[in-house]
1. Heavy atoms only, probe 1.4 Å: what % of the accessible area of region 166-279 goes to carbon and sulfur, would you let me know?
2. Please give every one of the lysines within straight-line cross-link reach of LYS237, meaning a C-alpha to C-alpha distance under 18 Å, and leave out same-chain neighbours fewer than 8 residues apart.
3. Defining a contact as two alpha carbons under 8 Å apart and six or more residues distant in sequence, what relative contact order in percent does region 70-192 show?
4. Read phi for every residue in region 223-230 and hand back ³J(HN,Hα) as whole Hz from Karplus 6.51 cos²θ - 1.76 cosθ + 1.60, θ = phi - 60°, with x for Gly and Pro.
5. List the residues, sorted by chain then number, that are 5 or more residues from THR271 or on another chain and whose placed amide H is less than 5 Å from its amide H.
6. Could you do me a favour and compute the accessible area per residue for region 196-270, 1.4 Å probe, result in Å²?
7. Reachable lysines from LYS172, Cα under 21 Å, same-chain residues fewer than 8 places away excluded?
8. What's the ranking of 143-150, 129-136 by average number of surrounding C-beta atoms within 10 Å, highest first?
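The values are calculated or read from the model by the stated rules, or taken from the named source; none is laboratory data. All values reported here derive from a predicted model rather than from experimental measurement. Every residue, glycine among them, receives a Cβ derived from its backbone with ideal geometry; neighbour counts consider all protein chains shown. Accessible surface areas use protein heavy atoms only, side chains included; no ligands, DNA or RNA. Shrake-Rupley method; radii C 1.70, N 1.55, O 1.52, S 1.80 Å.
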Amino acid sequence: MLPIGWLGRARMGGWLRRAPGSLRGLRHLALGSPAPIGRGYRPPHTDLTVTAEEHVDEERYYQLYPGHIPTSPLQKALLSAGAAFMALYNPYRHDMVAVLGETTGTSALQSLRDKMRHDPEGYQILQERPRIRLSTLDVTGLRGLPDGTFGREYVRFLDSNRVSPDTRMPVKFVDDEELAYVIQRYREVHDLMHTLLGMPTNMLGEIVVKWFEAVQTGLPMCILGAVFGPVRLNARKLQILTTELIPWAVRSGLNASCVLNFYYENRWEQTVESLREEIGILHPPTI
């Protein structure tokens with residue numbers, strides 16, 4: 001187990017202290033739930049001289065968006081280390097993968113945000129803040145679109161792989177409201193990338209998508225998944241990955257425009273092939 005010691009103070013409606021412990025305490029902070037009280041726990045200090053108005057001002061200052069948990073650089077480093085360990089140990093721990101993306105991706109997110117600001121469609125997305133959720137999708141209408149259209153193939157992907165856009169973790173640890181939306185948008189278009197890249201949700205398909213996303217976004221989380229993900233593959237799949245799929249994913253990532261600059265909600269009736277061509281994604285190999 002990785003000892004994390006004191007995680008210090010984190011603002012979440014009030015001062016919250018973390019007891020010394022192991023990755024269990026890290027998990028509670030990452031999931032935004034109260035940590036169990038252990039030896040060394042001290043109740044938070046209460047200043048009876050602070051007025052109600054000052055409490056409101058503090059809350060506005062610390063919580064930048066709903067669900068935001070402000071953390072210090074040290075806390076982010078500890079969260080990153082623990083999340084990386086758990087994500088490598090179990091790549092299907094999407095909660096830990098999400099924490100790792102938020103605590104290590106500030107520079108990459110700033111670069112992505114700047115690309116969106118300088119693109120007309122990307123700028124529109126930043127202004128309107130669309131969300132891809134079951135509550136915002138006309139799933140019945142998308143199922144009624146012709147085969148080969150982006151909307152029809154996206155819903156087919158969801159049905160075939162039994163996944164839902166509502167499973168994406170909410171952002172907690174990004175200390176900038178606009179950057180928080182950028183990483184949320186990245187998460188919500190992830191399944192759209194599977195559809196455009198023609199990749200399933202098995203380990204091989206996820207690694208290929210991570211290579212594409214690593215080139216596209218520069219997020220350390222994607223790079224980590226792309227580099228260390230293949231260690232779980234057998235020899236035959238590893239050969240296919242290294243000789244065919246990774247070279248194709250890297251070429252597509254370099255050739256494609258920034259995938260966050262496309263308002264996919266307005267392109268459901270466009271064919272997958274024409275959208276791939278517009279973005280710059282090369283025709284995918286068969287796996």
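1. On the way: 2470 of 4440 Å².
Looking at region 166-279 in its full context, I get 56 percent from C and S.
2. LYS210
3. Numbers: 96 pairs, mean separation 35.8, N = 123.
Normalised by residue count, the contact order of region 70-192 is 29 percent.
4. 4, 4, x, 5, 7, 9, x, x
5. PHE150
6. Numbers: 3170 Å² over 75 residues.
Accessible surface, normalised per residue, equals 42 Å².
7. LYS76
8. Numbers: 143-150: 13.9, 129-136: 12.4.
Top to bottom by mean Cβ count within 10 Å: 143-150, 129-136.
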